[in-house]
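Working notes, structure below.
No lab work stands behind these numbers, since they all come straight from the coordinates. Worth saying up front: this structure is predicted, and the values here are computed from it rather than measured. For neighbour counting, all protein chains shown are included, and Cβ atoms are generated from backbone atoms with ideal geometry for every residue, glycine included.
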Amino acid sequence: MTKADLIAEIANRTEKDKFDVQNIVEEFFNVVKDNMAEGENIYVRGFGSFVNKKRARKVARDIAAKKPIIIEPHFVPSFKPAKTFMEAIKTSEKLLAEVELEEADKKMAV
């Protein structure tokens, strides 16, 4: 699903104008991005957490120059789904049916 698909789905479900929904979705992303850039984590109960994770200093290799390079400590954005979100995915009938189809295909291939 793309951002445009997301906006269309929300507009359809809420019967709101697509333009208004687009502005709200864009502003949501801006709020998340701006607050995380300021070092704040965002917690949405029942959905998940947007958190900054610290990556330690490490030595990597520049393959082209064949020299070691130092990657300084830095932060990366991360999303951790809430337990209720994870349960909804784990128990999704559509996804479980896809797994069963994949397993059946594997058995037929053998």
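Structure summary
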{"item": "HN-Hα J in Hz across region 99-106 - Karplus 6.51, -1.76, 1.60, θ = phi - 60°, x for Gly and Pro", "result": "4, 4, 5, 4, 5, 5, 4, 5"}
{"item": "Global form of region 50-110, assessed from the alpha-carbon gyration tensor, a/c cut-off 1.5", "result": "oblate"}
{"item": "Calculated from backbone phi, Karplus (6.51, -1.76, 1.60) coupling profile of region 8-14 in Hz, x at Gly/Pro", "result": "4, 5, 5, 4, 5, 5, 9"}
{"item": "Neighbour cut-off at most 13 other Cβ (10 Å), DSSP loop, GluC sites (Glu not before Pro), region 24-91", "result": "E38, E40"}
{"item": "Under 5 Å, built H, 5+ apart or other chain: amide partners of A82", "result": "F47, G48, S49"}
{"item": "Shape category assigned to region 1-40 from the gyration tensor of Cα positions, a/c cut at 1.5", "result": "prolate"}
{"item": "Positive-pole candidate from N52, L96, A82, dipole of the chain, charges at beta carbon", "result": "N52"}
{"item": "Anisotropy class of the chain from Cα gyration tensor, a/c 1.5 cut", "result": "oblate"}
